[in-house]
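One structure is given here, and the rest of the page talks about it.
The values are calculated or read from the model by the stated rules, or taken from the named source; none is laboratory data. Quantities reported herein were computed from a predicted structural model and do not represent experimental measurements. Cβ placement follows ideal geometry from the backbone for every residue including glycine, while neighbour counts extend to all protein chains displayed. Side chains are part of the model used for accessible areas, which takes the heavy atoms of the whole protein and leaves out ligands, DNA and RNA. Shrake-Rupley method; radii C 1.70, N 1.55, O 1.52, S 1.80 Å.
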Amino acid sequence: MSIESLTADLRAFAIERDWEQFHTPKNLAMALAGEAGELLAEFQWLTTEQSEKLDEKQREAVAEEMADVLIYLCRLSDVLGIDLEQAAANKIAANAERYSIEVSHGNAEKVHKE
């Protein structure tokens with residue numbers, strides 16, 4: 001499934017339920033933040049090693065929260081008319097320039113914008 005087809009499916013889902021009235025940018029951004037918090041909660045109190053070796057139940061819970069984040073992100077991009085794939089491509093290109101291999105290889109320090 002592509003992002004485009006997922007977004008179309010989510011738009012139809014909202015229209016069928018008359019939920020577009022609730023899917024304002026503010027509400028969708030707040031819902032997205034809430035779901036990102038729920039994803040984060042799945043890792044709360046785990047060690048780094050534990051977070052890298054989730055059991056099946058944990059993986060299912062994480063997958064569900066990741067799906068919620070993706071769903072709200074797709075709805076928000078649709079409502080705002082933002083091409084999410086193009087925005088991601090633009091961001092990757094900007095990061096490649098900002099974090100050159102020579103400066104960033106093996107280095108986790110943030111490079112400040114000029």
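Computed quantities for the displayed model
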item	result
Inter-label distance for residue 97 and residue 59, nm, one decimal - labels placed 7 Å from Cα along Cα-to-Cβ	4.0 nm
Label-reachable residues, region 54-69, where backbone N falls under 20 Å from a point 7 Å from residue 12's Cα toward its Cβ	68
Backbone HN-Hα couplings from phi across region 62-73 [Karplus 6.51/-1.76/1.60, Hz, Gly and Pro as x]	5, 4, 5, 5, 4, 4, 4, 4, 4, 4, 5, 5
Full-extension gain in nm, residue 85 to residue 38, via 0.36 nm per residue minus C-alpha separation	14.5 nm
At R0 = 22 Å, FRET efficiency that the Cβ-Cβ distance of residue 111 and residue 66 yields, to 0.05	0.20
Accessible surface, the chain, averaged per residue in Å² (probe 1.4 Å)	77 Å²
Stokes-Einstein D in µm²/s, Kirkwood radius over Cα pairs - region 1-101 at 25 °C with 0.890 mPa s viscosity	158 µm²/s
Accessible-area composition of the chain, carbon plus sulfur, in percent [1.4 Å probe]	57 percent
